[in-house]
Amino acid sequence: MDISGKSYKAFIARQEALKKQYSQKQAEKQHSKGKLTALERIRLLFDTDTFEEIDAFVTPANQPVEFGKVERSFGDGVIVGHGKVNGRLVFAYAQDFTIMGGSLGVVHAKKIAKIQEMALKMGSPIIGMMDSGGARIQEGVASLSGYATIFQNIIHSSGIIPQISVIMGPAAGGAVYSPALTDFVFMTSHTSYMFVTGPNVVKEVLNEDVTFDQLGGAEIHARKSGVANMIYDDEENTILALKKFLSYLPSNNVENPPTVADDNSTIDVNEKLRDVVPDDPNKAYDVKDIINLIVDKNSFFETSELFAANLVTGFARLKGKTIGVVANQPKVLAGVLDIDSSTKGARFIRFCDAFNIPILTLEDVPGFLPGVDQEHSGIIRHGAKMLFAYSEATVPKITIILRKAYGGAFIVMNSKNLGGDFSFAWPTAEIAVMGPDGAVAILYRKELAESKNPAELKKELVKKYRDKIANPFIADESGYIDEVIDPAVTRKKIISAFNALSNKWVKVPARKHGNMPL
Amino acid sequence: MKIKKILIANRGEIAIRIMKTARLMKIRTVAVRTAVEPNAMYLSYADEIFDNSEDISEIPVFLDIDKIIAIALNKGVDAIHPGYGFLAENAYFADKCIDNKIVFIGPSPDAIYKMGNKTIARKIAIANKIPLAIGSDGNISNEDEAAEIASKIGYPVIIKAASGGGGRGMRIVRKAEEMERLFNIASKEAEKAFNDPSVFIEKYIENPKHIEFQILGDTRGNVIHLGERECSIQRKHQKLLEEAPSCALDSRLREEMGMMAVRIAKAVNYYSAGTVEFLLDSDRNFYFMEMNTRIQVEHTVTEAVTGIDLIEQQIRIANGESIKFNQGDIKLNGWAIECRINAENVQAGFAPDPGKIEYLNLPSDPNIRIDTGVQTGSSIVASYDSMIAKLIVRGKDRREAIKNCKMALDKVWIKGTKTTLPFFRMLVRNQKFQDGTFTTAFLEKDLDKYYFNSEYEEMLAAWLATKLFVEENLEESSINVDFKNGKELSPWLLNKRINQF
Amino acid sequence: MNDKLQIKKLYALSSENRKFSFSLPLKNKIRIGKRDYLVQLKADEKYGTYILWKNRKYPVEIVRSRQNKYEILFNDISYTFTVETPFSLQRMKVLNSKKGKPEQENVKAPMPGKIIDILVREGSNVLRGEPMIILEAMKMQNEIQSPVNGKVLKVLVKVNTCVMKDDILAEIKVE
């Protein structure tokens, strides 16, 4: 082609026009708010020079009726394409707030749908970076139907390819269902928010004064609603963390998760594990200390850290291979299970199951949270979620009982009879129908009432109960757990057990889907 | 020597301390192994071990009089050394030893009892014309009596437990309105800590120095003092650093106070080692506080400046020997400072930080003495105490001692728990400490920063944080993932997975 | 690695807002005045992990880390840093200038129980997640953590106080 030719000149002019659209001046609009531009976010996510943009030059749809101004810009406010993230093919879209407020118009939605379909066809993960004012009012109902298509695509791909949303700006009204439907939500604090109905309407209808942050900021979603799984103080760290997170996940539901080169820096036998659980059964400890001693050094990536902190969930690695971890946290709410933690656990377990990620459960649970509040809010059906999720999961499942394992909660936390593959217990384990205090109060009610020194007698009986009934050796001898192990060799045991289970496959009953309590 | 075998009814560094001297004196020692620390370092210094690790009762064996006596009889020991804490100041225990024909290495049960009860001790001091803070004549039974006495004495006053110390059962009352509330709190606390709610009241001396005198007495009635110790560096009535001698005393004041210390010891026919505590106010008036009828943690600094082995003296005295030197023979040479290095988090208000010592490297130097009960791999157990080691440093004068202390502190290497080392590193550089003008209020009032870090330390830590960030996020090798590995499934598995949908 | 967002400098921000800047690529050298001094992270069997600087070994431990937040125990003192890029630092400035009156956060009891330990006092600086109060409930000791970074304005309970669910335990001025 003749470089000085007319068609080439036109081509160059167009490229220049696109560059101008993404000028420094445009970028300032975002930078002055402490936000990155869509293009910068894409460049930060993808490996250098691997991103290929698609439909960069599309222009907004023609409006059926003229109402309000529509900028003639390239791309219609969203950048979509594919590239490599740490060497693996990933699809992504990033909404551009500087162009018509990142609002979703027909063409904008079509671009996203296109990339979603491609991701599903290629069996690759898809990342949605959201920064949008919502549906484009000027385009009317057509923009709403754009959302519907996007939601449907997410649902069709759910459980087939990992789908992650990153909220880096507003996401309001219908737009919030996108993140709600995807597998994980990353969110940047202070400069992003999600809500179905905004503060203005809340003020109008309910006369309640509330700021954007208070109604749907990152803290709120990370801590109270549980909608956001991971939050970070700035956008760069949000994306860097996302890249780390992706390295734990397979590209689709047929593959196994990727492995990382293991530098063998984590010792297989570690005596420190014997010191973590205190001798006093009423004293709390941090279960994350145990997790960090078992998994590969620095490999524990916690999800939903601030929500339902009484249950810890996250991904980790054992000899470079990804596992999912679910653990009761004794130092928060005594490690009980409640509505929020059951929901959190169930969702996490189902994700692991969908994507062939083996699950390690660390158990120290005294029971479910008592109270009228929990009962009336349906702890019965919410608790059942986790039960359902564990039993339904066909990935390798291993449970280690660290301390308490009482009653219903014991069954729920992946007991052997519920389909757990291996169940180990530490010598500090107490496995029983109920805790010693409750049991003694019931079985020896008469004796305690008649005793001259009930406190002394109770103490004696509690000790007897702990020694004779609740001790793990009984469960071991009856086959309800597989082995009581020395805490120091936990890592070694788990690795060997997961290796034995690496080709596990269980036939799933032929049905459309189960009817999980929701 | 009549005493040929001693049972050490204690653990940790003091058990080792006692066993070291006993070995030099060719006396056999017996130690007790407990369930809490079955592999403790002190056990390796004993000639014989009584294994009590099957016993999991809540009361530590070192507090169980019957068990200790039984062990002593079982092992056929001639004497028991109680160390400090535990049963060291339990008159009933001392009595029981005597009943069972076991020598108690310490004073008579009577002396323990009298000095152990603060109101009796006060009465004895008054009777012997020893200066002390004005206070109630005996125990106070209720808040009305307390208020009456307090108004006579004049506020501020301090409520103290009759049966114990260490800050428990102790409350300073500055206004009459607070008396009722604080009286009740102090009394309840005393009951919980010492099983005795009795309290008494004294005039509260503001910002005093805490000066104590080491006493040695024998069964022949000889009593001498071995000079003073400066123990004003305290936090919530727990000593952190001690010195011998004190820069607040000149030879005249030393003589005067020493004389009083000896007098009160003689008043109860004291023998063995003991410590008489005084408060010294800003006008150089001194007041008797109490007497501790045991060997103390900080006995080491007195040993460093007098050259006398106090444990040896205790054993000899218990053996019936008389003290071989007189007051005139006691000379204080040079200066000694002791830092109590504990497993505590200085940045979190000295909260205990129990854990396992992963790396321990202690300096050795002619000027340095280290008394410790732990080694690499030892656990600091919350149920005992948080002491890791006592660092005792000598110098020819105070200035040199501080200088040597500074160097020694930099050579101590402990990893596995947080320690009070940064506190001492700050202290030895503190102007008021160096001037010697500090009082017992020093920690709470005169310090705004509790730890020392050199100007580069924070920067180096920052460099490390940055290096970690770069390694984990910005380098090519940050996330070294092998995606191919996940794709290499066994055909069996791949086949099943694909066909299941 | 990122051509448009080439990060040339990083800043380590301490919990007391002291800033330490380092140019990238990060070298094993730190410049003081006119000289460059070597700094190395090493580990061995006798000493564990340590930093070697000016011929002296300093014990070091990485206590905790989360994305760009690091808690480092250096020579027995604990430091918390967040590592910032020039852009995230700029972002902090922008966000801080927009903030109105500093907010107050109330720390509430998550369930009824008894206060058995108070780890902070009026004026203490706290970080989000830092334990403030130990509450005994259901026979277990529960750590009540600070929900935000800030300074403790008031502690409204004492050791041995019994509290009900949602009782306010402390007030924090949000930073």
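The values are calculated or read from the model by the stated rules, or taken from the named source; none is laboratory data. Just so it is clear, the structure is predicted and the values come from calculations on it, not from any experiment. FYI the Cβ positions are ideal-geometry reconstructions off the backbone, even for glycines, and counts take in every protein chain you see. For the accessible areas, the whole protein counts, side chains as well, though only heavy atoms, and no ligand, DNA or RNA atoms are used. Shrake-Rupley method; radii C 1.70, N 1.55, O 1.52, S 1.80 Å.
Per residue of A:229-241, other chain Cβ atoms within 10 Å of the residue Cβ number 5 on average. Taking both sides together, the accessible area buried where A meets C is about 3200 Å² for a 1.4 Å probe.
Ordered from longest to shortest, the equivalent ellipsoid semi-axes for chain B are 45, 30, 26 Å, each the square root of 5 times a Cα gyration tensor eigenvalue. Spin-label model, B:Glu206 to B:Glu48: label points 7 Å out along the Cα-to-beta-carbon direction sit 5.9 nm apart. Overall, the accessible surface of chain A at a probe of 1.4 angstrom is composed of carbon and sulfur to the extent of 57 percent. Across all directions, the average flat footprint of the convex hull enclosing the Cα atoms of chain C is 14.8 nm². In straight-distance terms, cross-link reach from A:Lys385 covers every one of the aspartates and glutamates whose alpha-carbon lies under 12 Å from its own, apart from those fewer than eight places away in the same chain; here that gives A:Asp338, A:Asp340. Annotation for the C:B interface, with buried accessible surface near 4000 Å², both sides summed [1.4 Å probe; non-protein components not counted]. The GluC sites (Glu not before Pro) of the range B:424-501 that DSSP puts in a loop, and whose beta carbon has at most 12 other beta carbons within 10 Å, are B:Glu476, B:Glu488.
For chain A, averaging the sequence separation of C-alpha pairs within contact (under 8 Å, six or more residues apart) and dividing by the residue count gives a relative contact order of 8 percent. Its DSSP H runs of at least 4 residues, each contributing -39,500 (n - 2.57), put the calculated 222 nm mean residue ellipticity of chain A at -11000 deg cm²/dmol, to the nearest 500.
For the chain pair A and B, the buried solvent-accessible surface (1.4 Å probe, both sides summed) amounts to about 2400 Å².
Separation of the range C:60-79 and the range B:54-117, taken as the distance between their Cα centroids, equals 46 angstrom.
Sorting A:332-344, C:151-163 by their mean Cβ neighbour count within 10 Å, with the most densely packed peptide first, gives A:332-344, C:151-163. Multiplying each eigenvalue of the alpha-carbon gyration tensor of the range A:271-357 by 5 and taking the square root yields semi-axes of 21, 19, 9 Å, largest first, rounded to whole angstroms. In plain terms, the bigger the Kirkwood radius, the slower the diffusion; for the range A:375-518, with that radius from Cα pairs, at 20 °C and 1.002 mPa s, Stokes-Einstein puts D at 123 µm²/s. Averaged over the residues of peptide C:63-71, the number of Cβ atoms from other protein chains lying within 10 Å of each residue's Cβ is 6. Expressed in Å, the radius of gyration and Dmax of the Cα atoms of the protein assembly as shown are 35.1, 122.
Sparsely packed loop sites in the range B:56-125 (the trypsin sites (Lys or Arg not before Pro) outside DSSP H, G, I, E and B with at most 15 other Cβ atoms within 10 Å) comprise B:Lys101. Per residue, the accessible area of the protein assembly as shown comes to 44 Å² when a 1.4 Å probe rolls over the protein heavy atoms.
When the trypsin sites (Lys or Arg not before Pro) in the range B:305-408 are filtered for DSSP coil states and for at most 11 other beta-carbon atoms within 10 Å of their beta-carbon, the remaining sites are B:Lys324, B:Lys331. Checking the Cα-Cα distances for A:Lys224/A:Lys331; B:Lys2/B:Lys324; A:Lys331/A:Lys493; B:Lys129/B:Lys209; A:Lys331/B:Lys418; B:Lys75/B:Lys266 against a 24 Å cut-off, the pairs over it are A:Lys331/A:Lys493; B:Lys75/B:Lys266.
Placing +1 on each Lys and Arg Cβ and -1 on each Asp and Glu Cβ, with no other charges, gives chain B a dipole about its Cα centre of roughly 960 debye. In terms of Cα to Cα distance under 22 Å, which lysines are near enough to A:Lys29, apart from those fewer than 8 places away along the same chain? Hits, sequence-local ones excluded: A:Lys19, A:Lys20, A:Lys69, C:Lys4, C:Lys93, C:Lys98, C:Lys99.
Surface composition of the range B:167-303: carbon and sulfur make up 44 percent of the accessible area, probe 1.4 Å. Exceedance of the 29 Å cut-off in Cα-Cα distance is limited, within the set B:Lys487/C:Lys27; A:Lys452/B:Lys192; B:Lys20/B:Lys96; B:Lys160/C:Lys173, to B:Lys487/C:Lys27; B:Lys160/C:Lys173. Contact with the other protein chains removes 30 Å² or more of accessible area, compared with the isolated chain and a 1.4 Å probe, from these residues of the range A:268-283: A:Lys272, A:Asp275, A:Asn282, A:Lys283.
Of the cross-linked pairs A:Lys416/A:Lys507; A:Lys288/C:Lys19; A:Lys458/B:Lys67, those separated by over 22 Å at the C-alpha level are A:Lys288/C:Lys19; A:Lys458/B:Lys67.
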